[in-house]
1. Does R84 satisfy being assigned to a loop (DSSP other than H, G, I, E, B) and either in contact with a Ser or Thr (Cβ under 8 Å, 6 or more places away or on another chain) or within 22 Å of S144 (Cα to Cα) (or both)?
2. Exactly one of these conditions fails for L116: (1) open to solvent by 30 Å² or more (accessible area, probe 1.4 Å); (2) in contact with a strand residue (DSSP E or B) (Cβ under 9 Å, 6 or more places away or on another chain); (3) outside any helix (DSSP H, G or I). Give me its number.
3. Only residues in segment 148-170 that are without any contact (Cβ under 8 Å) to a residue 24 or more places away in the chain and surrounded by fewer than 22 Cβ atoms within 10 Å (Cβ to Cβ) count as the first member; pair them with residues that are assigned to a strand (DSSP E or B) and not small (G, A, S), Cβ under 6 angstrom, at least 6 apart or cross-chain, and list the lot.
4. Test of understanding: among R211, R240, R216, which residue is charged (D, E, K, R), closer than 19 Å to L11 by Cα and open to solvent by 30 Å² or more (accessible area, probe 1.4 Å)?
5. State yes or no: is V239 of a type in the set (A, V, I, L, M) and outside any strand (DSSP E or B)?
6. Please specify each residue of segment 1-17 satisfying the condition of being open to solvent by 60 Å² or more (accessible area, probe 1.4 Å) and assigned to a helix (DSSP H, G or I).
7. From the list S193, S138, S200, S221, which one is over 19 Å from R241 (Cβ atoms), open to solvent by 20 Å² or more (accessible area, probe 1.4 Å) and not charged (D, E, K, R)?
Amino acid sequence: MRKLNYIWRLLMTGVAFSLFSIGGLLITLLACPVIRLLPGDAARRRERTQWLIHKLFGVFVGFMCTVGIMRLHLKNADALAEARGALVLANHPTLIDVVVMISLMPRSDCVVKGALWNSPFLGGVVRAAGYISNEKSSEELVESCVDALEQGGALVIFPEGTRTQPGVPLRFLRGAAHIALGCDQPILPVVLSCDPPTLSKGRPWYDIPARRFEYRLEVKSPLSVGDLIEPDLPGTLAVRRLTDALETHFALELAACGHPAH
């Protein structure tokens with residue numbers, strides 16, 4: 001019975017990721033042209049595309065839960081749906097983190113890899129949604145992120161810059177601190193965990209665990225830069241101190257949830 005369950009989950013995982021790629025291509029070819037024809041300016045078209053992605057990601061997550069690949073546990077997730085002008089920071093244990101988060105957020109911006117920006121399957125979608133390519137220079141990237149926040153949307157950032165490897169200590173890059181210091185907007189921490197580990201860095205999609213994985217998302221209380229570091233620090237020192245403070249904050253939150261950050 002366990003063997004049959006494993007084969008079923010392996011098959012359904014392949015189906016899920018195939019549908020993800022095909023769905024992205026269909027949105028690019030069919031939905032995006034329709035959205036461009038609807039009345040409204042560029043900002044309105046971007047919001048409609050983000051809403052569509054939100055809904056389809058919800059379908060994708062629902063499919064994975066329904067066929068027994070994963071079980072989703074949410075705590076205070078309404079705070080994501082209601083987030084406006086907030087810098088949403090999350091740790092990054094799996095490949096589907098951004099999918100789960102955006103499935104809960106009708107309007108959100110995020111930073112995407114250059115490979116995804118130029119992908120024939122998903123590139124048209126992420127460009128239409130106004131997502132931000134990480135191929136920009138550091139200064140341009142921070143400026144684009146600050147602009148997105150000032151326009152009232154929530155911005156999803158993974159401060160690690162890449163997925164966590166199980167057993168490796170949590171390490172944040174300084175980009176999130178640069179953005180937080182440049183925008184003066186609330187920081188909304190989101191703690192993610194996956195048990196047993198799967199879809200982590202260096203692990204192919206077909207290397208599935210022996211049982212359905214439990215995916216947990218918990219939105220913590222909002223923070224401000226002033227909650228984490230002392231005021232009036234010089235720029236470089238402020239970035240370093242804020243990066244260390246955010247890293248420590250997430251490590252403690254993960255430990256409190258029973259998932260040490262190493």
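The values are calculated or read from the model by the stated rules, or taken from the named source; none is laboratory data. These figures come from a predicted structure and were not determined experimentally. Cβ coordinates were reconstructed from backbone atoms using ideal geometry, including for glycine residues, and neighbour counts include every protein chain displayed. These accessible areas exclude ligands, DNA and RNA; they are computed on the full protein's heavy atoms, side chains included. Shrake-Rupley method; radii C 1.70, N 1.55, O 1.52, S 1.80 Å.
1. On the way: assigned to a loop (DSSP other than H, G, I, E, B): yes; either in contact with a Ser or Thr (Cβ under 8 Å, 6 or more places away or on another chain) or within 22 Å of S144 (Cα to Cα) (or both): yes.
Against the criterion (assigned to a loop (DSSP other than H, G, I, E, B) and either in contact with a Ser or Thr (Cβ under 8 Å, 6 or more places away or on another chain) or within 22 Å of S144 (Cα to Cα) (or both)), R84 qualifies.
2. (3)
3. Qualifying pairs under 6 Å: none.
4. Values: R240 fails: closer than 19 Å to L11 by Cα; R216 fails: closer than 19 Å to L11 by Cα.
Testing whether each residue is charged (D, E, K, R), closer than 19 Å to L11 by Cα and open to solvent by 30 Å² or more (accessible area, probe 1.4 Å) leaves just R211.
5. Values: of a type in the set (A, V, I, L, M): yes; outside any strand (DSSP E or B): yes.
Yes; evaluated as a whole, the condition is true for this residue.
6. Answer for segment 1-17, where residues must be open to solvent by 60 Å² or more (accessible area, probe 1.4 Å) and assigned to a helix (DSSP H, G or I): R2, K3, L4, N5, Y6, I7, W8, L11.
7. Testing whether each residue is over 19 Å from R241 (Cβ atoms), open to solvent by 20 Å² or more (accessible area, probe 1.4 Å) and not charged (D, E, K, R) leaves just S221.
Residue by residue, here is whether (1) within 15 Å of the chain's Cα centre (by Cα); (2) at positive phi holds:
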site: N134; (1), (2): yes, no
site: S138; (1), (2): no, no
site: S144; (1), (2): no, no
site: G161; (1), (2): yes, yes
site: H178; (1), (2): no, no
site: L188; (1), (2): yes, no
site: L199; (1), (2): yes, yes
